[in-house]
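The values are calculated or read from the model by the stated rules, or taken from the named source; none is laboratory data. Since this is a predicted model, take the numbers as computed values, not measurements. Counting neighbours? That spans all protein chains shown, and the Cβs are built from the backbone with ideal geometry, glycine included.
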Amino acid sequence: MKTRIFRCASLFLLILLSACQFNSTYSNREEDKAEAEAVVEDFYAALRTKDYEKTVPFLSESFLEVSNKADLFQFYAKNDEVLGEIENYTLRDWKSNVVMGTNPRSEYLLVYDVKRPNYDSEEIFTLTKIDDKVQILGYRVNSPDYESTRSRSAKPLQ
């Protein structure tokens, strides 16, 4: 009888444990920030060479699925042309959310103030970890001066 109760309890516990998900969530840890920052630093180093193909390994497949490389490289070149080449950059804000366990997920948001000779910019990176590799999921360049310069140089519609 005790053996039967033990087997039933063991079976119940096994079913319960297999249905459960064990996750630990970490927000804004310094080591997560450092991991994402390293990717952005390498991305900026590649960007500065103007061999834009070197930036591709830092981009996620999801990024590349929605971004044509030729258009992306033109975007990089236009930023350098209008804003000027990157002189330096400073991390202004960051957030991270890392879930470890049966459903792992890592997400990062980094906001940089970028000093350029013509106009400064705010550059926002969203990153994710895929197969233990942090990659860029989104890259946005904001500059009010850039927007006004672009609109002034845009050709009128005919």
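The residue that is surrounded by the most Cβ atoms within 10 Å (Cβ to Cβ), among those in segment 47-68 that are among the hydroxyl-bearing types (Ser, Thr, Tyr) and under 16 Å from Leu127 (Cβ atoms), is Thr55. For segment 64-103, the set of residues classified as outside any loop (DSSP other than H, G, I, E, B), farther than 25 Å from Lys115 by Cβ and of a type outside the set (A, V, I, L, M) consists of Glu65, Lys69, Asp71, Asn97, Gly101, listed by residue number. Only a single criterion out of (1) modelled with pLDDT of 95 or more; (2) among the hydrophobic types (A, V, I, L, M, F, W, C); (3) touching a strand residue (DSSP E or B) at 6+ places or on another chain (Cβ under 6 Å) is not satisfied by Phe22, namely (1).
In this structure, Thr25 does satisfy being of a type in the set (S, T, N, Q) and surrounded by fewer than 16 Cβ atoms within 10 Å (Cβ to Cβ).
Scan segment 76-90 for residues that are more than 22 Å from the chain's Cα centre (by Cα), on the phi < 0 side of the Ramachandran plot and not acidic (Asp, Glu) and the total you get is 2. Counting only residues that are part of a loop (DSSP other than H, G, I, E, B) and either over 22 Å from Ser67 (Cα atoms) or at pLDDT below 50 (or both), segment 133-157 holds 4 of them. Contact map, segment 32-46: residues that are over 23 Å from Asp80 (Cβ atoms) paired with residues that are of a type outside the set (S, T, N, Q), Cβ distance under 6 Å, separation 6+ or inter-chain. Pairs shown: Asp32/Val98; Lys33/Trp94; Glu35/Val134; Ala36/Tyr108; Ala36/Leu110; Ala36/Leu127; Ala36/Val134. A search for C-beta distances below 6 Å between a residue of segment 122-142 that is surrounded by fewer than 18 Cβ atoms within 10 Å (Cβ to Cβ) and any residue that is basic (Lys, Arg), counting only pairs 6+ apart in sequence or on different chains, returns Ile124/Arg140. Set side by side, the residues Leu83, Leu110 differ, and just one is surrounded by 13 or more Cβ atoms within 10 Å (Cβ to Cβ), touching a Pro at 6+ places or on another chain (Cβ under 9 Å) and in contact (Cβ under 8 Å) with a residue 40 or more places away in the chain, which is Leu83.
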